[in-house]
Every structure is written in structure tokens, then in C-alpha cells.
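What follows is one structure encoded as C-alpha cells, with my remarks underneath.
The values are calculated or read from the model by the stated rules, or taken from the named source; none is laboratory data. Note that the structure is a prediction, hence the values are computed from the model and not measured. Here the Cβ positions follow ideal geometry from the backbone for every residue, glycine too, while neighbour counts run over all protein chains shown.
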Amino acid sequence: MKNLVFSFIIPAHNEEKVIGSSLESIKKQESKKNYEIIVINDGSKDKTLEIVKKYKDVRLINFKDGHSAAFARNRGAEKAKGEYLIFLDADQILENGFLDKLNMVVGERKFNVAAFRIHSASPKSIFQRGWHAYRKYNKCAAIIIKRKLFNEIKYREDLFYVEDDVLFEEAIKRGNKLEETGAFVYHIDPKTLKDYWRQRKWQGRGLVMKIFLLKKYWAFRHFIPCLIIPLTIITPYIIIAYLAGGFIFFTMKTKEPINSLLWILTDFAGRYISLFYFLVYSLAAGIKGKII
């Protein structure tokens with residue numbers, strides 16, 4: 001394909017519920033077709049592989065056994081031909097005009113690293129509405145990176161959950177300035193308690209790696225709110241103060257009181273879930289002598 005500018009690289013592990021929507025959002029872009037789509041089916045046991053095979057113009061890399069998002073992204077990047085790599089999650093949907101904005105930025109100025117922002121997609125459940133408030137306040141982002149630069153750093157495949165942060169930090173350390181594109185995607189956030197539990201489990205495992213493998217001990221602050229329940233022995237009002245303070249803060253930032261309340265409540269509970277799995281994986285690492 002001539003003038004191939006962008007390579008969308010999408011790792012997928014058991015993503016039958018969302019992968020079709022993600023692919024359709026790319027194919028519906030009205031911009032010129034100066035891109036390719038690479039999906040890495042990383043050991044899916046559901047119908048992910050069958051769905052992706054229906055898209056004849058999608059380049060498919062298939063692994064029977066699962067690995068990690070970092071592994072899958074690196075394998076996809078090895079096959080990519082675009083000048084810029086866009087690492088998209090299987091549960092992310094491009095806004096209309098996403099590629100128009102990127103083409104405009106590329107046409108105006110060359111860059112090595114750029115960002116697109118992440119919004120919540122049609123939040124309905126209590127978990128999704130909570131995430132919507134968080135994303136509205138935090139302005140979550142993901143990066144677009146020049147293939148030449150990526151080939152020099154790549155994802156660390158020994159990492160889980162925090163590999164995006166490390167890649168971004170390494171790119172910036174090399175003197176690259178992060179450009180804003182003005183583009184964004186919609187993220188399909190966890191809908192059910194099962195999905196939310198799974199997400200927080202990943203977070204707990206990722207924090208083990210961030211703290212003990214990357215030596216970023218400041219990440220322990222994530223668990224500071226978990227001290228609140230034990231401290232209720234001293235005064236029961238501490239939990240009321242924490243939740244009320246968080247509610248007021250997020251409401252002022254987002255102007256969405258109900259969604260802010262849902263975020264404060266679900267995040268508070270979610271930190272205990274993450275702490276539980278942080279301790280489980282930390283113990284397993286101690287027994288096996290390595291971080292898993």
C-alpha cells in the first residue's frame with residue numbers, strides 16, 4: 001500500500017464483545033485510507049478470532065496461547081509498515097474524524113510522539129458512569145509513536161499493566177516532546193462487577209511490578225485510602241470525611257454529582273480489591289523468587 005502513514009495495532013484476548021465495534025470505528029473513518037490494521041489474537045478462547053477473520057483487509061497475527069499486551073503489541077509492531085504506530089485497545093472506539101485530525105497534525109508538523117485522549121463510551125452501569133467522571137477530570141491519554149523511535153525502545157515484555165507508562169517515559173527521556181493531536185477515542189469501560197473486579201485485579205498485579213520491579217515506591221500511595229477502615233477504630237467520621245471530600249472535589253471538577261459519587265464509591269471499594277491481589281502476587285513473587 002502506498003503512502004502508508006498509520007498502523008493501528010490492536011492486541012486482543014477474549015474480546016468478542018468489543019473487537020467488532022473497534023474495527024468498525026476505524027473502517028468508518030472518512031479520511032483517506034493511508035492506514036493498516038493489525039490485530040494480534042493473543043490466545044483468545046472465545047469468538048474473537050472468528051470475528052476478526054471476517055475483516056479481510058485486517059492483518060491478523062494469531063497465537064494459540066496467551067501472553068501479555070506488551071508481547072502482543074511488540075509482535076504487531078514488528079509487522080507494521082506505517083510511519084506512525086497507534087496502539088489501540090480492543091475496547092476502544094475511534095471518534096468520527098479521528099484520522100482527519102491526525103493527518104492534519106502530521107501535515108503541519110513532524111513529531112516522534114503524540115497523544116490522543118480517552119473518553120468513556122456511552123456510560124450506563126454504575127462502574128461505567130464512575131469511570132466517566134474520572135476520565136473527564138483526569139484527561140486520560142494514549143500515545144502515537146513514530147515507528148523508527150519505537151523500534152529503538154519497544155515495550156518491556158516483563159511488565160504487565162504499567163508497560164504504557166514505561167514506554168512513554170522512555171520516549172520523553174530521549175528528548176522527545178509530546179504533541180497534542182486533539183483526537184480522542186471512546187473507551188468501553190467495565191460494565192459489570194465481574195469486569196470491574198478483573199480490572200482491579202490487573203491493577204493490583206501491575207502495582208507489584210511498578211513498586212518492586214521498577215522501584216517506584218511512591219506507588220504505595222495508591223493504598224493510602226485502604227487505611228481508612230482500620231482508622232475508623234479511632235473515629236468513625238474519617239470514612240465520611242474521605243468520601244464527602246472526594247465527592248465535593250470531583251463534582252467541582254466535572255459538574256456531574258451523581259457520576260462523581262459513583263466514582264468515589266466504586267474507586268474506594270476497588271482499591272481494596274487491588275490491595276488484595278497486590279498482596280497475593282507479592283506473596284507469589286516471594287515464594288517463586290520472581291515477579292509474575
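Would you check which residues across segment 264-275 are within 12 Å of VAL208 (Cβ to Cβ) and surrounded by fewer than 20 Cβ atoms within 10 Å (Cβ to Cβ) and list them?
Correct list: LEU275 only.
Do we have ILE172 as surrounded by fewer than 16 Cβ atoms within 10 Å (Cβ to Cβ), modelled with pLDDT under 95 and of a type outside the set (Lys, Arg) here?
yes
Which is more than 18 Å from PHE127 (Cβ to Cβ) and within 21 Å of the chain's Cα centre (by Cα), of TRP218, TRP197? Can you show your working first?
Working: TRP197 fails: more than 18 Å from PHE127 (Cβ to Cβ).
Sole residue among the options that is more than 18 Å from PHE127 (Cβ to Cβ) and within 21 Å of the chain's Cα centre (by Cα): TRP218.
Restricting to segment 197-227, name every residue that is in contact (Cβ under 8 Å) with a residue 24 or more places away in the chain and either touching a strand residue (DSSP E or B) at 6+ places or on another chain (Cβ under 9 Å) or among the small types (Gly, Ala, Ser) (or both).
Passing the criteria: GLY204, GLY206.
Kindly indicate whether any position in segment 255-263 is modelled with pLDDT under 95, surrounded by 18 or more Cβ atoms within 10 Å (Cβ to Cβ) and of a type outside the set (D, E, K, R).
Checked segment 255-263: no residue is modelled with pLDDT under 95, surrounded by 18 or more Cβ atoms within 10 Å (Cβ to Cβ) and of a type outside the set (D, E, K, R).
When you look at THR235, is it more than 20 Å from the chain's Cα centre (by Cα), free of Cβ contacts under 8 Å to residues at least 60 places away in the same chain and under 25 Å from ARG117 (Cβ atoms), yes or no?
No; evaluated as a whole, the condition is false for this residue.
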